[in-house]
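To start, the structure under review is shown below, and the notes come after it.
The values are calculated or read from the model by the stated rules, or taken from the named source; none is laboratory data. Bear in mind the structure is a predicted one, so any value in this text is a computation, not a measurement. Counting neighbours? That spans all protein chains shown, and the Cβs are built from the backbone with ideal geometry, glycine included. Surface accessibility is based on the protein's heavy atoms, side chains included, excluding ligands, DNA and RNA. Shrake-Rupley method; radii C 1.70, N 1.55, O 1.52, S 1.80 Å.
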Amino acid sequence: KAVVSTQSTGEITTIAAMLGVNSAVFYRPKEQAVHADNARTNFFFPGGDHLTLLNVYDQWAATDYSTQWCFENFVQNRSMKRARAIRDQLQGLLERTEIDLLSNPMDHVNIRKAVTSGYFYHTARLTANGLYKTVKHQQSVHVHPNSSLFEEQPRWVIYHELVQTSKEYMRQVIEIESKWLVEVAPHYYKEKDIEEKKMPKQRGKAKADLER
């Protein structure tokens, strides 16, 4: 659904392919942990992890899918090759179903909205105490420390999956607007689900907003 609902089908097929290998994109050797962490944060992109994954793939593709580039940036070459194969399969399906392959790499709002249409059931909102809860089941969840949004506090997010360690962590998180939920999934979300609750000052704002 995320693919067919957008004018950025090229970007969404890339994101979907990268999500298919999502926890295996970067590696972090102990003896080079600082360098690996810096390399990963250099890929961070405003809006969240899905756009970060797109950024990684696009930079890799620009090097003609270089193995050396992966080595220098602490990116798993095997995972990237798998993502490329998944992406080719997805784009082949689009061609066979006569869905146009469109590219709008700068339309980040449209890309985030397309992700919302595909993963709307994985939504969490920031609560007044600074913690996240899933919208439908009120489950307490946390942004994963490896996320580009870990130090930010967007009010509404969509996550790709939950992983249980010491806490329930959301992995691959993207910032959304609550109104998109009713637009893309009116059968699942009603206005009462997205009513804005009063937040303490400084809560529910992205890092960029806090620094203005």
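Tabulated results
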| item | result |
| --- | --- |
| Helix-only CD estimate at 222 nm, as mean residue ellipticity for the chain, using -39500 (n - 2.57) per DSSP H run (n ≥ 4) | -12000 deg cm²/dmol |
| Computed FRET value (nearest 0.05) for Leu101 with Asp64, which takes r as the C-beta separation and R₀ as 25 Å | 0.80 |
| Largest-first ellipsoid semi-axes for region 49-91, taking √(5λ) over the Cα gyration tensor eigenvalues, angstrom | 16, 12, 9 |
| Overall Cα dimensions of region 6-77 - principal axes, largest extent first, Å | 43, 26, 19 |
| Relative contact order for the chain, counting Cα pairs under 8 Å that sit 6 or more residues apart, in percent | 23 percent |
| Sorted peptide list for 36-43, 69-76, criterion being average Cβ within 10 angstrom, highest first | 69-76, 36-43 |
| Whole-angstrom gap from region 58-117 to region 151-177, using each part's C-alpha centre | 22 Å |
| Carbon and sulfur %, accessible surface of the chain computed with the full protein complex present, 1.4 Å | 49 percent |
| Stokes-Einstein D for region 61-124, Kirkwood Rh over Cα pairs, 37 °C, 0.692 mPa s (µm²/s) | 228 µm²/s |
| Region 1-159 - accessible surface per residue (Å², probe 1.4 Å) | 50 Å² |
| Pairwise Cα inverse-distance average, inverted: Kirkwood Rh of region 127-177 (Å) | 11.0 Å |
| Lys167-Val182 pseudo-label distance in nm [points 7 Å out on the Cα-to-Cβ vector] | 3.1 nm |
| Residue (of Gly92, Tyr27, Thr67) at the positive-pole extreme of the chain, dipole from beta-carbon charges | Tyr27 |
| Compactness of region 79-201, expressed as Rg and Dmax over alpha-carbon positions, Å | 16.4, 51 |
| Burial ranking of peptide ranges 173-183, 139-149 (average Cβ count within 10 Å, highest at the top) | 173-183, 139-149 |
| Volume per residue that the Cα convex hull of the chain spans, once the total is divided by residue count, Å³ | 134 Å³ |
| Cross-link pairs beyond the 22 Å C-alpha cut-off, checked among Lys133/Lys179; Lys167/Lys197; Lys136/Lys192; Lys113/Lys136 | Lys167/Lys197 |
